[in-house]
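Every number in this text was worked out from the coordinates using simple rules, so none of it is lab data. Predicted, not measured: the structure shown is a model, and the values here were computed from it. Backbone-built Cβ (ideal geometry, glycine too); neighbour counts: all protein chains shown.
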């Protein structure tokens, strides 16, 4: 007998697409409606700031499914469509054309949007952001012309776009408000590795600086003005100052919102029939013992699968170890890294390094770093050292469960990581 229920997914993202896929794989044969504001079918974002900007055609690899998949699996894909209103009492979502969609279960996979700089000149041609496939297309074309590029923000997107710009021969300056890239994520001990790698490739940095104004002529960017009056000539400015969760729909509907849509460990919101996953979800993670909002690919991928099972009534405990990765430069010194765990400022009291973070020799650094609290591994990152993530994630799980390790053995490359597991 066919299930008569309708599941609506708002957000035709990686999370939304994986949720729809998992619903069908689990045998749900009711109606699935997938609503997306973009005109592109669901795609993954990592290729946008990596291969695509380096001049490789990333479109084929970026899409989650081929174009025919949705119809073949009975998924009603509504692209170029925005959900404008949510009425939890009536179990209805209103679309921008006025149509009202009834739902039995609703997934909010609305993701995040790039934070915008509200300063003079922000609308000049040449001031770019990178969040969507369309923005990646435009940025890839612009980078192909080389020239003078100013990157605003030394986070993951900022550093990846700086590497891509150097690949195309551009003169690159990175402007960062903090004293080092990624310092709040990696801490002072590790953050310095990143500017060393980028400087070896000719990137200039302006730390403890912010942008006051974009200046231009005839509507086109010509320079970037810093808060101290320094003027940097620029043909292109790439702004990467973070993202913010798209909570408008949930907030207006009265759902619990706090740095994202608040959910329990089963990705259920404050309304029993509404779920949230991906970038937008501030989800309780039992392993960490706190709510976290993870803005990375693995969370979008795994969260989409888990939330579908939760929507079907399974008892889901979403306690994945937070994970993300980056690749910067194809020639030495280069950085390919994977990070797992959660260790914010104040969470840890020591940092242990295994291997060498040396960049001065011109070689790529090769090391694993651990963030510890009284010997408990809270987070770990492998840089140009591969096939260790499984052991690192086990160490992180053990650390958050209360198990400590000997820091001297942790630092010793001759001791197999597996031997440190409880």
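Going by the alpha-carbon gyration tensor, a ≥ b ≥ c the square roots of its eigenvalues, is the chain rounded (a/c under 1.5) or, if a/c is not under 1.5, prolate (a/b greater than b/c) versus oblate?
Working: a/c = 1.92, a/b = 1.19, b/c = 1.61.
Judged from the Cα gyration tensor, the chain comes out oblate (a/c at least 1.5, b/c at or above a/b).
Using only the Cα atoms of segment 319-367, build the gyration tensor, take square roots of its eigenvalues as a ≥ b ≥ c, and label the shape rounded, prolate or oblate: rounded if a/c is under 1.5, else prolate if a/b is larger than b/c, else oblate. Could you put the intermediate results ahead of the total?
Details: a/c = 3.12, a/b = 1.57, b/c = 1.98.
Verdict is oblate for segment 319-367.
Going by average Cβ neighbours within 10 Å, how do the peptides 355-362, 237-244, 134-141 rank, with the highest at the top?
Sorting 355-362, 237-244, 134-141 by mean packing, highest first, produces 237-244, 134-141, 355-362.
I need two numbers for segment 1-96: Rg to one decimal and Dmax as a whole number, Cα atoms only, in Å.
Over segment 1-96's Cα set, Rg and Dmax evaluate to 15.0, 51 Å.
What full-extension length gain, to one decimal in nm, is calculated for residue 421 and residue 66 as 0.36 nm per residue of separation minus the Cα-Cα distance?
Details: separation 355, 0.36 × 355 = 127.80 nm, distance 4.14 nm.
So the chain would gain 123.7 nm between residue 421 and residue 66.
Compute a Gaussian network model of the chain, connecting alpha carbons closer than 10 Å, and tell me which residue from 384, 299, 118 fluctuates the most.
Largest GNM mean-square fluctuation: 118.
Give me the number: length gained by fully extending residue 79 to residue 331, i.e. 0.36 nm times residue separation minus the C-alpha to C-alpha distance, one decimal in nm.
Working: separation 252, 0.36 × 252 = 90.72 nm, distance 3.92 nm.
Length gained, residue 79 through residue 331: 86.8 nm.
Just to be sure I understand: of the beta bridges DSSP finds with both ends in the chain, what percent are antiparallel, rounded to 5? Intermediate results must be reported in sequence, preceding the final value.
Numbers: 50 of 85 bridges.
Antiparallel bridges make up about 60 percent of those DSSP assigns within the chain.
Determine the calculated [θ] at 222 nm for the chain from helices alone, applying -39500 (n - 2.57) to every DSSP H run no shorter than 4 residues and normalising by the residue count; nearest 500 deg cm²/dmol.
-6000 deg cm²/dmol
Semi-axes of the equivalent ellipsoid for segment 246-337, please: Cα gyration tensor eigenvalues, times 5, square-rooted, ordered largest first, whole Å. Before the final figure, lay out the partial values.
Working: eigenvalues 161, 45, 25 Å².
Rounded to whole Å, the semi-axes are 28, 15, 11.
Suppose R0 equals 45 Å. What FRET efficiency, 1/(1 + (r/R0)^6) with r the Cβ-Cβ distance, do residue 100 and residue 184 give to the nearest 0.05? Write down the numbers at each step before the final one.
Working: r = 43 Å, r/R0 = 0.95.
Efficiency computed from Cβ-Cβ geometry: 0.55.
What is the Å³ per residue value for the convex hull set by the Cα atoms of segment 127-241? If you can, show how the numbers build up before the last one.
On the way: hull volume 10.8 nm³, N = 115.
Given the Cα convex hull of segment 127-241, per-residue volume reads 94 Å³.
Take the eigenvalues of the Cα gyration tensor for segment 332-420, scale each by 5, and report the square roots as semi-axes in whole Å, largest first.
Numbers: eigenvalues 96, 36, 29 Å².
Semi-axes, largest first: 22, 13, 12 Å.
Residue 414 to residue 204: extension gain in nm, 0.36 nm per residue of separation minus the Cα-Cα distance?
Values: separation 210, 0.36 × 210 = 75.60 nm, distance 3.70 nm.
Taking residue 414 through residue 204 to full extension adds about 71.9 nm, to one decimal.
Which one of 316, 307, 174 has the biggest mean-square fluctuation once the chain is modelled by GNM with Cα springs under 10 Å?
316
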